[in-house]
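Please read the structure below before turning to the comments.
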Amino acid sequence: MKQKTAKLSRNAVIALSLLLLVSLAMNVVLVFFFKPTSSLIFQTRITTKSEPKTKEEPDSNVSTLQSWINKLVDAKKTKDGKLELTRAEIDSLYDGFTMPRDSFPTSTTWNKDQPNQWVEYESKALGLTMRVPYNNKWGNDKIALAPAEDFVTGNEKEILFGSLGYFTCAEGCGWTNQYSISETELLSSEQIMDRVTKNSTIPEKPPLFEKMRIGKHDVLKVSQYYEAYDIGYFTTYFVLGTKHNLELNPGWYGYQLDEASAKKILEGIVIK
């Protein structure tokens, strides 16, 4: 009996030892096969995870012309290889001082000669064609100023043309073309004269009026006196229409328009 009990005890010990060995072997297998796989997945996630992209900062110190030319969607090249830009495009590139300094319209290299030719221009905004004074040297060795452009802000429509200049004043500053033609309210000559007279603030310098026939258009010439900036009399021309009037005036008070040029501009207007 004692021998059987001892034998059973030895068998139990052996069985327990085998069980422990099997359990240990299984743990080794689990660690060997599954832990590396888990690590590999983790490593894969680390390597494939994209780093957060930092927002590209705008280049505030542009050194080459091409870098800001690329900002234009509809860049036009002239026959001599210059980039033809409108006032609005030049103004947008100037914003933030991103234009190369030698390309500023205020620089000494910017040509502002008198116009030496007339160019046909079609305005889709105002629905007309016209002749504008122009000089293909306006600009510099890289930029050619476009002859004219449609400029629409809300319900206000105008055509900007003439040489480009920079003005400063109490109200603000910016690039401006010499002249513009804008779409204005439909009024008779008498209504315009009455309104201008009522708004005059210098009794000793009353506004001056002259009714004219220029080409196919009835025109009212209006000269108003301004004391500010030593302007003196400032002249505009109203083309009397059937749906609305057109107003021809300098883009800024310093650009007076001589009557001969005004007549040639107004004669060439064809309303569609």
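The values are calculated or read from the model by the stated rules, or taken from the named source; none is laboratory data. Keep in mind that this is a model prediction, so the values were computed, not measured. Please note: Cβ atoms are built from the backbone with ideal geometry, for glycine as well, and neighbour counts cover all protein chains shown.
With LEU208, LEU186, LEU246 as the choices, which residue is farther than 25 Å from THR153 by Cα and hydrophobic (A, V, I, L, M, F, W, C)? Talk me through it step by step, then tell me what you get.
Details: LEU186 fails: farther than 25 Å from THR153 by Cα; LEU246 fails: farther than 25 Å from THR153 by Cα.
Every option except LEU208 fails the conditions.
If a residue has to be of a type outside the set (S, T, N, Q), in contact with a strand residue (DSSP E or B) (Cβ under 9 Å, 6 or more places away or on another chain) and modelled with pLDDT under 90 to count, how many in the range 155-171 make the cut?
The total comes to 4.
Could you list all residues from the range 138-163 that are hydroxyl-bearing (Ser, Thr, Tyr) and in contact (Cβ under 8 Å) with a residue 12 or more places away in the chain? Even if it seems obvious, please write down each step before you answer.
In the first step, residues of the range 138-163 are kept if they are hydroxyl-bearing (Ser, Thr, Tyr); the result is 153, 163.
Correct list: SER163 only.
Are any residues in the range 241-258 part of a loop (DSSP other than H, G, I, E, B) and modelled with pLDDT of 80 or more, and if so, which ones?
Our first condition is that a residue be part of a loop (DSSP other than H, G, I, E, B); within the range 241-258, this holds for 241-244, 251-258.
Of everything in the range 241-258, those that are part of a loop (DSSP other than H, G, I, E, B) and modelled with pLDDT of 80 or more turn out to be GLY241, THR242, LYS243, HIS244, LEU257, ASP258.
Scan the range 150-169 residue by residue and report those that are buried (at least 21 other Cβ atoms within 10 Å of the Cβ) and farther than 12 Å from SER182 by Cα. Before you say what the answer is, go through the steps one by one.
Step one: of the range 150-169, the residues buried (at least 21 other Cβ atoms within 10 Å of the Cβ) are 158-164.
Residues satisfying the conditions are GLY162, SER163, LEU164.
Of all residues in the range 222-246, count the ones that are of a type outside the set (Asp, Glu) and closer than 19 Å to THR201 by Cα.
Restricting attention to the range 222-246, the residues satisfying the condition of being of a type outside the set (Asp, Glu) are 222-226, 228-229, 231-246.
Among the residues that remain, those that are also closer than 19 Å to THR201 by Cα are: 222-226, 228-229, 231-236.
So the count comes out to 13.
Search the range 116-142 for residues being within 21 Å of the chain's Cα centre (by Cα) and among the small types (Gly, Ala, Ser), and hand back the single one that is surrounded by the most Cβ atoms within 10 Å (Cβ to Cβ).
GLY139
Name the residue that is surrounded by the fewest Cβ atoms within 10 Å (Cβ to Cβ), counting only residues in the range 217-230 that are at pLDDT below 95 and not hydrophobic (A, V, I, L, M, F, W, C).
At the first step, the residues of the range 217-230 found to be at pLDDT below 95 are 223-230.
Now restrict to residues that are not hydrophobic (A, V, I, L, M, F, W, C): 223-227, 229-230.
Details: SER223: 16, GLN224: 20, TYR225: 16, TYR226: 14, GLU227: 10, TYR229: 12, ASP230: 8.
Going through the qualifying residues, I end up with ASP230.
So LYS82 clears everything in (1) modelled with pLDDT of 75 or more; (2) within 25 Å of SER261 (Cβ to Cβ); (3) not acidic (Asp, Glu) except one condition, right? Which one?
(2)
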